[in-house]
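Everything on this sheet refers to the single structure shown next.
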Amino acid sequence: MSFTDWLFGGIENPVTNGRWGILHILTLVICAVCIVGFYFIAKKSPDPVKAKRRIICTLAGLIAFFEIIIRFVYFMKLYYFQHPEMAGTGPLWILIPKPWCAISCWLLIACVFVKKAFFYDFSCLSALLCSVIFFAYPGVGYNNEIILFENLYSIVTHALLLTTSITLIVLKFTRFAYKELWKVAVGFVLTYAYGLLQIFVLKTQTDPMYFMPNGDIQAGILHISYGLYLFLYIALIVVYVNVFYLIGDKASVKAFFRKRNKQTDEHANTEKVLQETK
């Protein structure tokens, strides 16, 4: 196999089940080691703020590198090698981020420039969810006997999604304040709107956000009815997001329950007074 074959594919690559094999587990171990390493690098640095910034910029730069290279590969496969697998695609299909994981890659790249706490929250939540689902049941990357560049791209980008999202939390870029949750909600709404745009207008993907009927997860993995799947899908998103805010914004949560308890006590006292006056 030549370097060209490895980079651009077009060779026979038998399908295999690599889920939770050595490479899969090793990838997760490397991610964990990197996250712990980044924490201590920032902690021991004479300038922790700069160190944290450099770590996130480096991770985002690596994501950008792989996102650019994969587009170069696809253009070469389409226009130079004319691989049959590229039939029906075009420049738009190649250039725009398509499934949720790729969208999350560009969100993490963007957060380096936006530099806002709510955007760190949003990009972190999006990337972490995608990467956790991928590593729980990877459908690509580990599914061939030969790790070609496209396989490597899938593995490395998802590993970077996992590492970067958790590193954002560990290095305290994220804040998860309930008062800014609406901004994160708007981010998710816009992401889903972009997904619908891909499905019904651009027609570059059939299920980029994994919520359409007969999708890979619903029909291919879970094998449950679409109604139940959609209910579980929405419940998972709501619970998943709130877990981070319940942990990250304990002060607001405690204040909320104090207020509720106070209102309950006042209501009980009022009822008691009314009963005594009768």
- Residue match in region 243-258 (condition: at pLDDT 90 or above, aliphatic (A, V, I, L, M) and surrounded by 15 or more Cβ atoms within 10 Å (Cβ to Cβ)): no
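Within region 30-54, how many residues turn out to be under 28 Å from Leu148 (Cα atoms) and open to solvent by less than 80 Å² (accessible area, probe 1.4 Å)? So that I can check it myself, show each step before the final result.
Step one: list which residues in region 30-54 are under 28 Å from Leu148 (Cα atoms), which gives 30-35.
Now restrict to residues that are open to solvent by less than 80 Å² (accessible area, probe 1.4 Å): 31-32, 34-35.
Number satisfying all stated conditions: 4.
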In the set Ala185, Ala193, the lone residue that is closer than 23 Å to Val132 by Cβ and small (Gly, Ala, Ser) is Ala185
Considering residues that are open to solvent by 50 Å² or more (accessible area, probe 1.4 Å), free of Cβ contacts under 8 Å to residues at least 24 places away in the same chain and of a type outside the set (S, T, N, Q), the number found within region 200-212 is 3
Among the residues of region 77-95, the number that are in a helix (DSSP H, G or I) and surrounded by fewer than 16 Cβ atoms within 10 Å (Cβ to Cβ) is 7
Taking the criterion of being closer than 30 Å to Gln205 by Cβ and either of a type in the set (A, V, I, L, M, F, W, C) or part of a helix (DSSP H, G or I) (or both), would at least one residue in region 38-56 satisfy it? yes
Cβ pairs under 7 Å, 6+ apart or interchain, first in region 106-130 and farther than 15 Å from Ile63 by Cβ and of a type in the set (Gly, Ala, Ser), second part of a helix (DSSP H, G or I) and open to solvent by less than 20 Å² (accessible area, probe 1.4 Å), ordered by first then second residue, are none
How many residues of region 1-29 are surrounded by 15 or more Cβ atoms within 10 Å (Cβ to Cβ), among the polar types (S, T, N, Q) and part of a helix (DSSP H, G or I)? The answer is 1
Contact list, first residue from region 12-37 and closer than 13 Å to Val156 by Cα, second anywhere and part of a loop (DSSP other than H, G, I, E, B), beta-carbon distance below 7 Å, six or more apart or interchain, is Leu23/Tyr142; His24/Gly18; His24/Pro138; His24/Tyr142
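The values are calculated or read from the model by the stated rules, or taken from the named source; none is laboratory data. Note that the structure is a prediction, hence the values are computed from the model and not measured. Here the Cβ is made from the backbone with ideal geometry for all residues, glycine too, and neighbour counts use every protein chain on show. The protein model used for the area step is the full one, side chains on, heavy atoms only, and it has no ligands, DNA or RNA in it. Shrake-Rupley method; radii C 1.70, N 1.55, O 1.52, S 1.80 Å.
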